[in-house]
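First up is the structure itself, then whatever we jot down about it.
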């Protein structure tokens, strides 16, 4: 099941996964906890005006800005 999960990762989530220390995931529960801790830190709902006011940060690449924006849309 973990292999299926890994197969759907891309962008920031895939980079996060490949940077995990070897042996840090011993079970599905470990993977779930680490993933949620990294990507679901804040349960704050983002409003549409806040989303529309989101700007690219100084020094942030277009790719990272788009990925951050897409992640924010999950909280609208």
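For the reader, a short list of remarks on this structure follows.
- Every residue from the range 18-53 that is touching a residue at least 24 places away in the same chain (Cβ under 8 Å), more than 17 Å from the chain's Cα centre (by Cα) and farther than 26 Å from residue 7 by Cα: 47, 48
- Scope the range 54-76; condition modelled with pLDDT of 80 or more, in contact with a helix residue (DSSP H, G or I) (Cβ under 8 Å, 6 or more places away or on another chain) and more than 22 Å from residue 7 (Cα to Cα); matching residues: 54, 56, 57, 60, 69, 72, 73
- Selection within the range 58-72 - exposed (fewer than 10 other Cβ atoms within 10 Å of the Cβ) and not in a helix (DSSP H, G or I): 58, 59
- Tally, over the range 33-57, of residues that are over 16 Å from residue 12 (Cα atoms) and either touching a strand residue (DSSP E or B) at 6+ places or on another chain (Cβ under 6 Å) or assigned to a helix (DSSP H, G or I) (or both): 6
- Residues of the range 33-53 classified as within 25 Å of residue 17 (Cβ to Cβ) and touching a helix residue (DSSP H, G or I) at 6+ places or on another chain (Cβ under 9 Å), total: 5
The values are calculated or read from the model by the stated rules, or taken from the named source; none is laboratory data. In this text the structure is predicted, and so the values were computed from the model without any measurement. In this analysis, Cβ positions are derived from the backbone assuming ideal geometry, glycine residues included, and neighbour counts consider all displayed protein chains.
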